[in-house]
1. Say whether the condition of being in contact with a Pro (Cβ under 8 Å, 6 or more places away or on another chain) and in a helix (DSSP H, G or I) is met by at least one residue in segment 41-53.
2. Of ILE88, ILE57, ILE10, ILE17, which residue is at pLDDT below 90 and not in a loop (DSSP other than H, G, I, E, B)?
3. So which residues in segment 5-44 are farther than 27 Å from GLN93 by Cα and either open to solvent by 60 Å² or more (accessible area, probe 1.4 Å) or without any contact (Cβ under 8 Å) to a residue 12 or more places away in the chain (or both), if there are any at all?
4. So which pairs qualify, if the first residue must be in segment 95-107 and assigned to a helix (DSSP H, G or I), the second must be aromatic (Phe, Trp, Tyr), the Cβ gap must be under 8 Å, and the two must be at least 6 apart or on different chains?
Amino acid sequence: METVEYQARIEALTEDILTDRQLSSEYNRKFHENTLAQSKLRDQMKKIHPTSQRYTIAVNMGDFFMQIPLPKAQSMVNGAQKELEFAIQEVQQRLEKKVDFLEQLKKGDKA
C-alpha cells in the first residue's frame with residue numbers, strides 16, 4: 001500500500017475512533033444524569049401521596065415543559081435509560097472493532 005494512502009486510511013480510522021469515544025462519553029454522561037433523575041423521582045414518589053396535586057412533575061420536552069404524572073415521568077426516564085444502555089453497548093462494540101482494525105493495519109505496516 002502506498003504510504004500516502006496508508007497514512008490517510010490510518011488518519012481517517014483514528015478520527016472515527018475519537019468521534020466514537022466522544023459519543024461514548026456523551027452517552028455515559030446522559031446515562032449518569034438519568035440515573036440521578038431516576039433516584040430523585042423514586043424519592044419523590046415515596047414522599048407524595050397519589051391523590052396530591054404535587055403528584056405531577058414538570059418535564060422538559062425540548063423547547064417547552066409539560067406537567068405529567070410522576071409514574072409517567074419515571075417510565076419515560078426508564079425508557080430513555082434502556083435506549084442509552086443499548087447505544088453505549090453499540091458504540092463500545094464499534095470502538096472495539098475499529099481499534100482492532102487499526103492495530104492490524106499498524107502490524108501490517110511493520111511486517
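The values are calculated or read from the model by the stated rules, or taken from the named source; none is laboratory data. The structure presented is a predicted model; accordingly, all values stated were derived computationally and were not measured. Note: ideal-geometry Cβ built from the backbone for every residue, glycine included; neighbour counts use all protein chains shown. Heads up: the accessible areas ignore ligands, DNA and RNA and are worked out on the full protein's heavy atoms, side chains in. Shrake-Rupley method; radii C 1.70, N 1.55, O 1.52, S 1.80 Å.
1. For segment 41-53, residues in contact with a Pro (Cβ under 8 Å, 6 or more places away or on another chain) and in a helix (DSSP H, G or I): present.
2. When all the criteria are applied, what remains is ILE57.
3. SER39, LYS40, ARG42, ASP43, GLN44
4. These pairs meet every condition: LEU105/TYR6.
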